[in-house]
Amino acid sequence: MYKVKTLNKISKIGLNVFTDKYTVADDCENPDAILVRSAKMHDMEFNPELLCIARAGAGTNNIPCDRCAEEGIVVFNTPGANANSVKELVICALLLASRDVVGGIKWVDSIAGTEDVAGQVEKGKSAFVGPEITGKTLGVIGLGAIGAKVANDAVRLGMKVYGYDPYISVEAAWRLSAGVIHATDLDTIFRECDYITIHVPYMEATKHTINAETIGKMKQGVRIINLARAELVDDDAIIKAIEDGKVARYVTDFPNNKTAGVPGIVAIPHLGASTPESEDNCAVMAANEIIDYLENGNIVNSVNMPAAHLPVTGDPRICIFHQNVPDMIAKITSLISAQGINIENMVNASKKGAKYAYTLLDVLQLPAGIEEALKAIDGVMRVRTIK
């Protein structure tokens, strides 16, 4: 019986993926897996039995991924599961960036109950005028699951679309409309586009991608959308640019003490993935990642460990986390061979330049003490067998 601890309210559709092999509850002690959405985990102590954490969403800033890697705990996320939800809100944000719908609604609310509201509306509506998006140029920074959908739909809406992503996968490239113009650098996006939307993960290299210097390269009156991560945009720089008229409007899904209530900023209360469909999709994907890892040792969509997959044959399986150093595979296979065991199938995986690697071995039998013998190899972090 496997134990899965939930740290947030998780979609029932996702929880229903777990079979009767699993106990799933928010009060599980010593769980094998944790299923989480937004709960902050950096100060949590993890029990020795914990094997994996699955985040029902894309971002994993709430999880201590590096510490988990050191302890041999796999951290999963669910890329693409909420892509349609976020994409739809980006299209909404494009319109909110153009037309002062929010300001207009607030104004109508302010005159509610006064004399001749309809007449006042006809006289005052010109204060909220804004341009159409058809025929305008949109720059999409990041062409993953969400960015590609945004770019494709913007083409359908009649926009000229530039896309920039130096790390685009083959799969993502196939999803991209032929109408999307390939930008070879960010300066092209900044120079050419009336609207810019950013869809990249947050890391040190992407922090403040939108800053005073990059804003200076943009068109006068540019409109910027950030529904990806707060830290991708320098708040001080965007506020100054709005005050100066360089940026016409900024739409963000991450309000804070600086941006909330600032004229020219449309602050949405983090609604990107807030649809029942998105929550269901994320929970289902996260549950399936946990199941495949616990039962088969396979890793997919991990943010701190390499992807690794072996088809299930029914043979006993050995799962080994180890340092990514020379001669490690030779030590592992030599030890197993010395036990008189034949390796039927094997996969070894590591991320380029990463400290850690992962090896899966299918064998015909598991001799007593094999886990302890493998753990004794210098550089082996964690060993698990699946019978």
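For the list (1) in contact (Cβ under 8 Å) with a residue 40 or more places away in the chain; (2) open to solvent by 20 Å² or more (accessible area, probe 1.4 Å); (3) closer than 24 Å to Ala230 by Cα, I need the number of the one condition that Tyr167 fails. Evaluating Tyr167 over (1) in contact (Cβ under 8 Å) with a residue 40 or more places away in the chain; (2) open to solvent by 20 Å² or more (accessible area, probe 1.4 Å); (3) closer than 24 Å to Ala230 by Cα leaves (1) as the failure.
Filtering segment 96-112 for residues that are free of Cβ contacts under 8 Å to residues at least 60 places away in the same chain, in a loop (DSSP other than H, G, I, E, B) and more than 24 Å from Ala248 (Cβ to Cβ) leaves a non-empty set.
Could you check Asn152 against (1) surrounded by fewer than 14 Cβ atoms within 10 Å (Cβ to Cβ); (2) in a helix (DSSP H, G or I) and say which number it fails? Asn152 satisfies all of (1) surrounded by fewer than 14 Cβ atoms within 10 Å (Cβ to Cβ); (2) in a helix (DSSP H, G or I) except (1). Filtering segment 28-80 to residues that are in contact (Cβ under 8 Å) with a residue 40 or more places away in the chain, of a type outside the set (A, V, I, L, M) and not in a loop (DSSP other than H, G, I, E, B) leaves Cys52, Arg55, Cys65, Asp66, Cys68, Glu70, Phe76.
Among the candidates Thr19, Thr60, the residue that is within 29 Å of His322 (Cα to Cα) and hydroxyl-bearing (Ser, Thr, Tyr) is uniquely Thr60.
With respect to the conditions (1) in a loop (DSSP other than H, G, I, E, B); (2) more than 28 Å from Val36 (Cα to Cα), Pro255 falls short on a single one, namely (2).
Set side by side, the residues Glu49, Glu45, Glu71, Glu29 differ, and just one is under 22 Å from Asn298 (Cα atoms), open to solvent by 60 Å² or more (accessible area, probe 1.4 Å) and either out of contact with any Asp or Glu (no Cβ under 8 Å at 6 or more places or on another chain) or polar (S, T, N, Q) (or both), which is Glu71.
For segment 298-324, the candidate set comprises residues that are in contact with a Gly (Cβ under 6 Å, 6 or more places away or on another chain) and under 16 Å from Tyr356 (Cα atoms); within that set, the residue that is most open to solvent (accessible area, probe 1.4 Å) is Gln323.
Matching residues to (1) at pLDDT below 95; (2) not polar (S, T, N, Q):
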| residue | (1), (2) |
| --- | --- |
| Val312 | yes, yes |
| His322 | no, yes |
| Lys331 | no, yes |
| Ser337 | yes, no |
| Ile341 | yes, yes |
| Ala349 | no, yes |
| Lys352 | yes, yes |
| Lys355 | yes, yes |
| Gln365 | yes, no |
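The values are calculated or read from the model by the stated rules, or taken from the named source; none is laboratory data. Since we're looking at a predicted model, the values are computed, not measured. Methodologically, a virtual Cβ is constructed for each residue, glycine included, from the backbone with ideal geometry; neighbour enumeration extends over all protein chains shown. The accessibility values were calculated without ligands, DNA or RNA, using every heavy atom of the protein model including side chains. Shrake-Rupley method; radii C 1.70, N 1.55, O 1.52, S 1.80 Å.
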